[in-house]
Amino acid sequence: MTGTILIIEDEEKIARLLELELGYEGYRTGRAGSGSEGLDKYREGGWDLILLDVMLPGFSGIEVLRRIRSADSLTPVILLTAKDSVEDKVSGLDLGASDYVTKPFQIEELLARIRSALRASAAAGSGREGSAQPEESLTAGSLRLNEQTREVFRGERRIELTPREFDLLVFLLRNQRQVLSREQMIREVWGYDYAGDTNVVDVYIRYVRKKIDEEGLPELIHTVRGVGYVLKESP
Ligand code: CA
């Protein structure tokens, strides 16, 4: 069985070994050395499986997994975890990881897990054939966002968002009519280990507003003084 595998791993030696071994087995591979690069590569699409190291610089593998699963419940993800981190394994599996392999791993074991995850995913895929996935859209007034295609429209106008702006808008739409604090948004959109200033939220809210606002149409993102922001149709 072959396929395309995205390797998200910051340790050069391990990443190269994986690339080499998977290449021998006939898999095509791509590689990313951090969580954000991994997400970017993932979003380019076309992956049959993702190998995801948990200990990554920037945001962790668990956070990467959470973001992948927020839009995609199907692509198998195998976590590479440290031997003693039970917590990572549990939260990884809770978040929908297909499997995990403990470092240091035997390549034969990893290859077996990969084959098994790909088989399971192919079996699930054949069961789905014919029943097209429903289009999942999040809407507020004339704003429409499709998480699968990553398209955003205000009325008929197509809106281009950066990945971060998109994630922020998804979070606001999913929690519309709820007042969200800057801290909540940092945690959910930027990730638990984000160490910067919460002012970044105000900056991004400004960007998103500018893009989604339309003359003559009601504003959707409202400032709640001293608290944060809320997305709703009417003020
Ligand atoms: Ca690592």
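Annotation note: of 88, 94, 40, the sole residue that is surrounded by 17 or more Cβ atoms within 10 Å (Cβ to Cβ) and within 21 Å of the chain's Cα centre (by Cα) is 88. Inside segment 194-207, residues that are surrounded by 12 or more Cβ atoms within 10 Å (Cβ to Cβ) and either in a helix (DSSP H, G or I) or of a type in the set (D, E, K, R) (or both) make up a count of 6.
For segment 97-138, a residue qualifies if it is at pLDDT 85 or above and part of a loop (DSSP other than H, G, I, E, B), and the qualifying residues are 97, 98, 104, 105, 106.
Screening segment 15-32 for residues that are within 16 Å of the ligand (Cβ to nearest atom) and touching a Leu at 6+ places or on another chain (Cβ under 8 Å) and picking the one that is farthest from residue 161 (Cα to Cα) gives 18. Are there any pairs with C-beta distances below 9 angstrom linking a residue in segment 56-75 that is under 23 Å from residue 119 (Cβ atoms) to a residue that is among the hydroxyl-bearing types (Ser, Thr, Tyr) and assigned to a helix (DSSP H, G or I), with the two at least 6 apart or on different chains, and if so which? Matching pairs, first to second residue: 65/91; 68/42; 72/42; 74/121; 75/42; 75/121.
Which numbered condition in (1) crowded, with 23+ Cβ neighbours inside 10 Å; (2) within 12 Å of the ligand (Cβ to nearest atom) is the only one that residue 76 fails? Exception for residue 76: condition (2).
Of all residues in segment 15-35, those being open to solvent by 60 Å² or more (accessible area, probe 1.4 Å) and among the aliphatic types (A, V, I, L, M) number 2. Sort out which residues of segment 70-96 are at pLDDT 90 or above and closer than 23 Å to residue 190 by Cα, and write them in order of number. Across segment 70-96, the qualifying residues are 75, 77, 78, 79, 80. Within segment 163-185, not a single residue is modelled with pLDDT of 90 or more, among the hydroxyl-bearing types (Ser, Thr, Tyr) and open to solvent by 30 Å² or more (accessible area, probe 1.4 Å). Would you confirm whether or not segment 3-14 contains a residue that is open to solvent by less than 40 Å² (accessible area, probe 1.4 Å), touching a residue at least 60 places away in the same chain (Cβ under 8 Å) and touching a Ser or Thr at 6+ places or on another chain (Cβ under 6 Å)? The answer is yes, given that some residue of segment 3-14 is open to solvent by less than 40 Å² (accessible area, probe 1.4 Å), touching a residue at least 60 places away in the same chain (Cβ under 8 Å) and touching a Ser or Thr at 6+ places or on another chain (Cβ under 6 Å). Among residues of segment 1-49 being of a type in the set (Ser, Thr, Tyr) and part of a loop (DSSP other than H, G, I, E, B), the one that is modelled with the lowest pLDDT is 2. Applying the set (1) closer than 30 Å to residue 145 by Cβ; (2) open to solvent by less than 20 Å² (accessible area, probe 1.4 Å); (3) within 16 Å of the ligand (Cβ to nearest atom) to residue 49 leaves exactly one unmet item: (3). Return the residues of segment 26-59 that are of a type in the set (S, T, N, Q), touching a strand residue (DSSP E or B) at 6+ places or on another chain (Cβ under 9 Å) and farther than 13 Å from residue 12 by Cα; say none if nothing qualifies. Selection gives 29 alone.
The values are calculated or read from the model by the stated rules, or taken from the named source; none is laboratory data. Quick caveat: nothing in here was measured; it's all calculated off a predicted structure. When we count neighbours, we look across all protein chains shown, and the Cβ atoms used for this are built from the backbone with ideal geometry, even at glycine. To get the accessible areas, we keep the full protein, side chains included, count just its heavy atoms, and leave off ligands, DNA and RNA. Shrake-Rupley method; radii C 1.70, N 1.55, O 1.52, S 1.80 Å.
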